[in-house]
1. I'm told residue 163 meets every condition in (1) within 30 Å of residue 18 (Cα to Cα); (2) touching a residue at least 60 places away in the same chain (Cβ under 8 Å); (3) buried (at least 23 other Cβ atoms within 10 Å of the Cβ) except one. Can you identify the failing condition by its number?
2. Just wondering, is there one or more residues in the stretch 318-330 that are closer than 30 Å to residue 50 by Cβ, touching a helix residue (DSSP H, G or I) at 6+ places or on another chain (Cβ under 8 Å), in a helix (DSSP H, G or I) and touching a residue at least 12 places away in the same chain (Cβ under 8 Å)?
3. With (1) closer than 30 Å to residue 39 by Cα; (2) touching a residue at least 24 places away in the same chain (Cβ under 8 Å); (3) touching a strand residue (DSSP E or B) at 6+ places or on another chain (Cβ under 9 Å) as the list, and residue 296 as the residue in question, which single condition is left unmet?
4. Name, by its number, the condition in (1) crowded, with 16+ Cβ neighbours inside 10 Å; (2) over 19 Å from residue 194 (Cβ atoms) that does not hold for residue 309.
5. What strands (runs of 3 or more DSSP E), lying completely within the stretch 12-115, carry at least 3 residues that are in contact with a helix residue (DSSP H, G or I) (Cβ under 8 Å, 6 or more places away or on another chain) and closer than 24 Å to residue 172 by Cβ?
6. Consider the stretch 224-269. How many of its residues are in a helix (DSSP H, G or I) and over 21 Å from residue 210 (Cβ atoms)?
């Protein structure tokens with residue numbers, strides 16, 4: 001291919017994700033610089049936390065540098081120790097388990113439901129032991145887990161629920177926001193998420209028992225936040241902790257995104273529904289499966305996935321789209337089959353649904369500024385497969 005042709009192909013390619021400005025991002029970033037406060041917990045951080053608190057039924061929200069760090073804070077707050085067990089779905093990002101492994105816990109890998117790809121609540125009872133300290137449901141693709149059953153089972157076992165809500169902000173279960181069911185929930189503002197700031201996250205605390213200590217852990221184990229509020233005349237080392245506070249520059253960018261979340265969600269819903277409606281007949285004919293959203297769930301429309309009948313067809317579809325200059329990708333490899341997972345007893349066949357889904361899933365481009373023409377190209381390419 002000539003250089004000119006290569007440039008044209010790159011220019012006309014459709015990425016899996018395209019982070020885009022949607023509001024006052026640059027204005028707020030410039031203002032943060034002008035204010036002279038670029039470190040954490042500035043004006044924009046507080047405004048973001050207030051917006052998120054309102055969205056999450058008045059939870060105490062603390063911005064973090066990532067969803068990973070929010071999960072790590074949750075593990076610290078629960079005082080997770082060596083020998084403890086934490087139940088996680090095998091089909092998830094490594095941070096869901098790693099945050100607790102860092103504290104010495106043993107992850108217990110549970111299989112997922114074949115319809116929503118969420119933690120299968122029907123398998124929880126057999127996974128619980130006297131060492132179970134926490135259950136970490138992941139709201140995959142922004143579709144809610146069966147939180148009533150999960151919370152009930154956790155309470156019976158004396159375990160806490162920590163929601164990995166990286167996909168689920170703006171989603172609901174029984175009309176209640178995802179992230180408000182467990183003692184805590186972790187959010188992600190990575191550039192692939194519905195609202196983003198490049199890298200970022202938040203810990204939402206629903207149980208007030210953990211709120212004061214969370215503020216200390218987030219500030220390197222000190223009462224520095226109280227010092228800046230004028231509540232103490234000096235700050236000192238009180239507890240374990242780390243540096244989980246993001247720059248106010250990132251919060252400035254994030255606030256602009258949060259202010260436009262209704263527009264963002266409307267666009268993502270429109271794109272998601274168009275995919276589903278346009279591909280329904282094709283999927284039925286090919287033996288492929290499109291996303292399932294139970295009646296009790298309100299999706300965040302975080303991603304759109306197709307489950308192909310086999311690994312071979314999944315790979316062929318991705319290659320077919322690549323030839324059309326469309327980036328479609330698969331998703332997680334099951335944690336129980338990873339080298340680290342094997343160290344915790346993971347073995348082939350342990351989570352058969354997760355293993356099957358991992359080999360068959362394809363995610364199509366879905367981002368707020370995906371144009372109608374671009375989506376038409378994606379749809380037409382899939383229909384031509």
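Nothing in this text is a laboratory measurement; each read-out follows from the coordinates by a stated rule. Small disclaimer: the values here were computed from a predicted structure and weren't measured. Cβ sites come from the backbone with ideal geometry, for glycine too, and all protein chains shown count toward neighbours.
1. (2)
2. Taking every residue of the stretch 318-330 in turn, none turns out to be closer than 30 Å to residue 50 by Cβ, touching a helix residue (DSSP H, G or I) at 6+ places or on another chain (Cβ under 8 Å), in a helix (DSSP H, G or I) and touching a residue at least 12 places away in the same chain (Cβ under 8 Å).
3. Failed condition: (1).
4. Only one criterion is unmet by residue 309, namely (1).
5. Where strands (runs of 3 or more DSSP E) fall fully within the stretch 12-115 and carry at least 3 residues being in contact with a helix residue (DSSP H, G or I) (Cβ under 8 Å, 6 or more places away or on another chain) and closer than 24 Å to residue 172 by Cβ, they are 60-64, 85-89.
6. Within the stretch 224-269, residues that are in a helix (DSSP H, G or I) and over 21 Å from residue 210 (Cβ atoms) number 21.
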